[in-house]
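Reading through the C-alpha cells given below for one structure.
The values are calculated or read from the model by the stated rules, or taken from the named source; none is laboratory data. Worth saying up front: this structure is predicted, and the values here are computed from it rather than measured. Every residue, glycine as well, gets a Cβ built from its backbone with ideal geometry; the counts of neighbours run over all protein chains shown. For accessibility, only protein heavy atoms count, side chains too; no ligands or nucleic acids. Shrake-Rupley method; radii C 1.70, N 1.55, O 1.52, S 1.80 Å.
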Amino acid sequence: MYNFDYVKPASVADAVAALQGEDAQAIAGGQTLIATMKQRLAQPRTLVDLTGITEMQGISVDGGVVSVGAGARHAEVAGSAEVRGAIPALADLAGKIGDPQVRNRGTIGGSIANNDPSACYPAAVLGLGATVVTNAREIAAADFFQGLYTTSLNEGEVVTAVKFPVAAAASWQKFEQPASRFSLVGVFVAKVEGEVRVAVTGASEEGVFRAAALEQALASDFSAAAVEGASVSSAGMIADLHGTPDYRANLVKVMTKRAVEAMS
Amino acid sequence: MPTVSMTVNGKAVASDVEGRTLLVDFLRENLRLTGTHVGCDTLQCGACVVHVNGDSVKACSMLALSAEGAEITTIEGIANPDGSLSVLQRAFQDHHGLQCGFCTPGMVMSAADLLKRNANPSEREVREWLEGNLCRCTGYHNIVKAILAAAAEMRGEKIAAE
Ligand code: FES
Ligand code: FES
C-alpha cells in the first residue's frame, strides 16, 4: 500500500473540508478500501477517517422511519432491538454480511457509497425506497445508485445517514458466494408505501436493480406461483466463474419465491 | 510521522507509525507481539483477529491510526493473570483443537468474543460465528468441540475431554 496522510475529523463539516484536498478519500470501516489500497487500485493522498464523527452514529425509530447513522456498523444494525422490531429483514440483512469481524468494522455508509454490485445493503436501500442523507441533501434510493461502483454522490460529499420507511412486511434472501460471503444473488422483497418492491443485488452488471416483471406479477398476486409465471431476463447479468447469466436469472426467481414464502 | 497511542493488553503504548501501518503490523513489528498472525492479509482467514474495544476485528484490515485511544486485547492478553492458560485456551489443548497452531490465536480471539456475547451457543451458532476463521489442518470439528466445552465450563458445567 502506498503511504498517505491520515486525518480523523470529529465533525461532518471538518470531514467535508478535509475531503476538498487533492486525492482525498473518505474511509469508514475500511473492509473494502484497505484491501483495494493494498492492491494499489486506490492511492489516496489523504485518507479521511469518518469513524470518529459522533453525528454519524446512532440508530433511531420515529414516526414510521428507521434512521441509521452512516457510521453504524453492521453488527450494530443486526443487534439493534429497534431495527429488529421495526424492519426485521433489515436486521437480518446486516447480520449476514461477511463474517462477525467484518460486521464489527464495516458500516452502512461505506457499503452504499462503494456500491459494489454484489453488496447486500443496496438491496435493502432500494427495496425499501430509503432516503440517503448527505452533508448537502437528501437523495432518493432510486437516484442514488448509478451502476457499478457509481453513485450520485458528488466529489467530497459524505453520506451521513440512511432513512428507511417501515415496511408492512419484508424479507431478505441471500444466496451466498461461500468464499467471499458476498451475495451471488440477493433479493430484498418489501411491501412498503402501498407497493411491492423487489430489489436484486449480485446479479446485474449494472449493480442493484428493481425487478419490474416480478414486482408486477406480485402486485396482483402475492404468491410464489406468480413469481414462477413471471420471466426474468438474463440480459446484462453477471457472467463469472461462480455462475452464468442464466443461472443468476434463475436464482433471482428462486430467491424471490423464498422471500414471498417467508412473508406469507 | 504521526504518533499513535493505545492500550494493549492493559498496557499503555505509543509509537510513531506511517499512515499505512496496519494494526497487525503495529502489534507484531513495533510491539513484538507476534502471537497475532497474518495468514491472508485480505480479510479471509481470521489469523489476525484481536479485540478492539471489546469487539473482535481483523487486524490486517484496520489502520493502526484508526485504533488511536482504543483498548486492544491480543492472544498474549488472554491467559490468566498468573500466566496459566485460560479456560478457553485449555479447552483447545484438551480437545485437540489445534495442530500446527497457525490459526489458533485468531480462533481463540474470535471464540472469546462469541462467548462474551452468548454464554450458551449452540453448535450451529459456533460454526456460524467461525465463518471468518479458516483452519487448514484441524478440520474445525475439534475447534467447535473445544469452544462448546469452554462455554460449558465457564457456565459451571464440566464436559470431559476424550
Ligand atoms: S490475515 Fe487478516 S484475515 Fe487473514
Ligand atoms: S491448526 Fe493449523 S491452520 Fe489451524
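Here are a few things to note about the model shown:
- In region A:9-46, the residues that are within 11 Å of chain B (Cβ to nearest Cβ), crowded, with 20+ Cβ neighbours inside 10 Å and out of contact with any Lys or Arg (no Cβ under 9 Å at 6 or more places or on another chain): A:Ile27, A:Thr32, A:Leu33, A:Ile34, A:Pro44
- Single condition A:Val61 does not satisfy, out of (1) surrounded by fewer than 16 Cβ atoms within 10 Å (Cβ to Cβ); (2) not in a helix (DSSP H, G or I): (1)
- With respect to (1) within 14 Å of chain A (Cβ to nearest Cβ); (2) surrounded by fewer than 19 Cβ atoms within 10 Å (Cβ to Cβ); (3) within 16 Å of ligand 2 (Cβ to nearest atom), the lone exception for B:Pro105 is condition (2).
- Checked against (1) free of Cβ contacts under 8 Å to residues at least 12 places away in the same chain; (2) among the small types (Gly, Ala, Ser); (3) more than 10 Å from chain B (Cβ to nearest Cβ), A:Ala72 meets all criteria but (1).
- Of all residues in region A:195-227, exactly one satisfies the criterion of being touching a Leu at 6+ places or on another chain (Cβ under 8 Å), assigned to a strand (DSSP E or B), within 21 Å of A:Tyr247 (Cα to Cα) and not hydrophobic (A, V, I, L, M, F, W, C), namely A:Arg210.
- Count of residues meeting criterion [within 12 Å of the chain's Cα centre (by Cα), more than 10 Å from every other protein chain (Cβ to nearest Cβ) and either surrounded by fewer than 19 Cβ atoms within 10 Å (Cβ to Cβ) or in a loop (DSSP other than H, G, I, E, B) (or both)] in region B:46-72: 1
- Scanning region A:179-214 for residues that are free of Cβ contacts under 8 Å to residues at least 40 places away in the same chain and touching a helix residue (DSSP H, G or I) at 6+ places or on another chain (Cβ under 9 Å), we see that the one that is most open to solvent (accessible area, probe 1.4 Å) is A:Glu195.
- Selection status of B:Glu76, at negative phi, more than 15 Å from ligand 1 (Cβ to nearest atom) and under 10 Å from the mean Cα position of the chain (by Cα): yes
- Each residue in region B:9-39 was checked for being within 16 Å of ligand 1 (Cβ to nearest atom) and touching a residue at least 60 places away in the same chain (Cβ under 8 Å), and 4 pass.
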